[in-house]
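Participant: First the structure, then my questions, so here it is.
Every number in this text was worked out from the coordinates using simple rules, so none of it is lab data. The model shown is predicted, which means the values in this text are computed figures rather than measured ones. As a convention, Cβ positions derive from the backbone with ideal geometry for all residues, glycine included, and neighbour counts pool all protein chains shown.
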Amino acid sequence: MKTPFWWGGDGPLPRLLDPLGALYGAATTWRLSRGTPWKAPVPVVCVGNVTAGGAGKTPVCLDLLRRLPGVHGLLRGYGGDETGPLRVNPATHGYQQVGDESLLLAQAAPTWIARDRAAGAQAIVAAGARGIIMDDGLQNPSLHKDLSLLVVDGGFGFGNRRVIPAGPLREPLRRVWDRVSAVVIVGDDTAGVARRVPSGLPVLRAQVVPDVSALALRGQRVVAFAGIGRPEKFFVTLRRLGAEVVAIHPFADHYPYAPADVQPILDEAYQLGAIPVTTAKDSVRLPPDQRGQVNVLSIGLAWEDEAALTAVLSRAFASALPSW
C-alpha cells in the first residue's frame, strides 16, 4: 500500500477515523496480552517499529547480522507463500515464496521465515545459532524478546500520532515505551522524534549511507523507481549522492513487478540517456530477464555512536558481545 496522505498531519479525516483507530489499538493490546511467549535459550533481539511503512528496520537488521557472527535472522516472510519455519536459500527461493526482505537478510547471515515466530526461533536454536535478530514482531506476543529496538524514520517520525487508519501507528505510543530497550532514529531527526522519547530510554542515531559502488552514479542522469515504504527517501538519497534524477516512479511497498511495469521505465531511461536505478529490496522483485538491465543502489548504516550501540546490545548478549 502507499502511505495515505492524511497520516502526515491533522485534519477532519483523521479525526473522523479516530474511533476505528481506537478499535485497532485495542485489538493490538488484546493480542499482546494473550498467552505466554516462548523464551529461547539464546538472546532474541527484536528490530521493530510502531508505524506502518518503511522506518529502516531492514538496514538495521542487516547491520546487526553482519556485526554479530553466529546470529541468525528471523522474519515473517511478508509477501511470500511459505509459512515456515524455513531457512531461506537465495539460490532457490524467490520473493514469491519467502518475501523480499528475507532474501536481503540471507545475503548477510542465515535467515529463516516463520509465520509462527516461536516455532521459527525453535528451529533456529536447533540449527545452533548463537542468537536471533528478528525483523519486525514488536507487536507479536509469541516469542520473548531480550532486547527490543524501536526503529523510527527521522524525517517522518510518528506522523500525526494517530492509530491506523487515522494515522500510521500500529498502537498508541504510550503503550510502546515500556516494551522497548532503545529507540533507533534513522536519518536526520527533522520530525522531532527524540523529544518524544521518555527520559532514560537510550536514543541511538544512524544515517543511511550508500555503498562505495554508488559513487559511480555521481553526476549521472538516472531514472529512479522504488516500491518501498517511502520511495521518496530513495529519490532523496540519489540526489544527495550527486545523481541527476530526471524521472521518478514510486510504487507501493513490496510491489510485485511484472515485465510490463519495468519495460516502460527501461525505455524511458534509454530515451533520456539515463541509467535506470532501484533499491536492493526492489531488485529481488524484478523479472529475472530485466534485473540485469537495472542498476541497484546498495546501502548500509553509519552509527553516530558505536559505543552506545554496543552498550545497548550488551544488555542481551552480555559478556559474549566483546568476543564477537
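Participant: I'd like the FRET efficiency for Ser314 and Thr92, computed as 1/(1 + (r/R0)^6) with the beta carbon distance as r and R0 of 45 Å, rounded to 0.05.
Facilitator: 0.75
Participant: Quick one: the Cα spread of segment 238-281 along its three principal axes, in angstroms, biggest first?
Facilitator: Principal-axis extents of the Cα atoms in segment 238-281, largest first: 29, 23, 14 Å.
Participant: Charges on Cβ only, +1 for Lys and Arg, -1 for Asp and Glu, centred on the Cα centroid of the chain; of Ala224, Val296, Tyr78, which one is farthest towards the dipole's positive end?
Facilitator: The residue sitting most towards the positive pole is Tyr78.
Participant: While we're here: Among the listed pairs Lys145/Lys281; Lys57/Lys281; Lys233/Lys281, which are separated by more than 23 Å between their Cα atoms?
Facilitator: Among Lys145/Lys281; Lys57/Lys281; Lys233/Lys281, the Cα-Cα distance tops 23 Å for Lys145/Lys281.
Participant: Given charges of +1 on the Cβ of Lys and Arg and -1 on the Cβ of Asp and Glu, with all other atoms neutral, how large is the dipole of the chain about its Cα centre, in debye to the nearest 20? List each step's numbers first, then the result.
Facilitator: Values: 33 positive and 28 negative charges, 186 e Å.
Charge dipole of the chain: 900 debye, to the nearest 20.
Participant: Moving on. Using the number of other C-beta atoms within 10 angstrom as an exposure proxy, rank Val296, Val60, Val88 with the fewest first.
Facilitator: Val296, Val60, Val88
Participant: Relative to 2.2 N^0.38 Å, what does the C-alpha radius of gyration of the chain come to as a ratio? Two decimals please.
Facilitator: On the way: Rg = 19.7 Å, N = 324, 2.2 N^0.38 = 19.8 Å.
Rg over 2.2 N^0.38 Å, computed on Cα atoms: 0.99.
Participant: Sticking with this one: Can you give the extra length, in nm with one decimal, that the chain gains between Arg31 and Ser298 once fully stretched, where that is 0.36 nm per residue apart less the Cα-Cα distance?
Facilitator: Working it through step by step, the gained length comes to 92.5 nm.
Participant: Counting just the Cα atoms, what span does segment 212-297 cover along each of its three principal axes? Round to the nearest Å and put the largest first.
Facilitator: 30, 28, 21
Participant: Give the residues of segment 244-268 whose amide nitrogen is closer than 17 Å to a point set 7 Å from the Cα of Asp289 in the direction of its Cβ.
Facilitator: Zone members listed by number: 257-267.
Participant: Between Arg174 and His144, what length in nm is gained on full extension when 0.36 nm per residue of separation is reduced by their alpha carbon distance?
Facilitator: So the extension gain works out to 8.8 nm.
Participant: Before anything else, pin down the relative contact order of segment 212-297: Cα pairs under 8 Å, at least 6 apart, normalised by residue count, whole percent.
Facilitator: Across segment 212-297, relative contact order equals 33 percent.
Participant: Give the share of C-alpha pairs in each 10 angstrom bin for segment 5-127, from 0 to the last occupied bin, in whole percents, shortest bins first.
Facilitator: Going from the shortest bin to the longest, the percentages are 12, 35, 31, 17, 5, 0.
Participant: How far is it, in nm, from the label point at Arg130 to the one at Asp211 when both lie 7 Å from their Cα along the line to the Cβ?
Facilitator: With each label placed 7 Å out from Cα toward Cβ, I get 2.5 nm.
Participant: Return the FRET efficiency for the residue pair Arg115, Asp305: r is the Cβ-Cβ distance, R0 is 45 Å, and the value is rounded to the nearest 0.05.
Facilitator: That pair, Arg115 with Asp305, gives E of 0.80.
Participant: Kirkwood hydrodynamic radius, segment 145-204, all distinct C-alpha pairs: what's the number in Å?
Facilitator: Across segment 145-204, the inverse of the average 1/r is 11.9 Å.
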